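Trainee: Sharing a structure here in structure tokens format.
The values are calculated or read from the model by the stated rules, or taken from the named source; none is laboratory data. Not measured: the values here are computed from a predicted model. Reconstructed Cβ throughout: ideal geometry from the backbone, glycine too, with neighbour counts over all protein chains shown. All accessible areas refer to the heavy atoms of the entire protein, side chains included, with ligands and DNA or RNA removed. Shrake-Rupley method; radii C 1.70, N 1.55, O 1.52, S 1.80 Å.
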Amino acid sequence: MKRTPFITLLAAAALSVGLATAAEKTTEGLPANYPLKKCVVSDEEFGGEMGKPVKVTHNGTDVYLCCKACLKDFKKDPDKYTKMVTDAAKKN
């Protein structure tokens, strides 16, 4: 039948839209331009079971942590963790 090429084309279009949407998706609570995909304190990926990332600002730099529990370690050496973010931003 003549419907097969149309159905194939329709399926390919639906698949490409789904892939494009997945590529543009960012973790909730994390800016699209944030240079890291993991927490600087725990090395855990954002958006996992820890929930929404926690934003901390130190010396004008926003640092995102995977959870509130990482805040305690961040406060012990904020310059170290802030530098990790600024260095990653320079690479991008």
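Trainee: So for the pair Asp79, Lys37, with labels modelled 7 Å out along Cα→Cβ, what separation do we get in nm?
Mentor: 3.1
Trainee: Separate question: Heavy atoms of the protein only, probe of 1.4 Å, neighbouring chains included. What is the accessible area of Lys83 in Å², nearest 10?
Mentor: 110
Trainee: Long-range amide H contacts for Val63: which residues qualify at under 5 Å (H placed 1.01 Å from N, peptide plane, sequence gap of 5 or more or a different chain)?
Mentor: Correct list: Val56, Thr57, His58.
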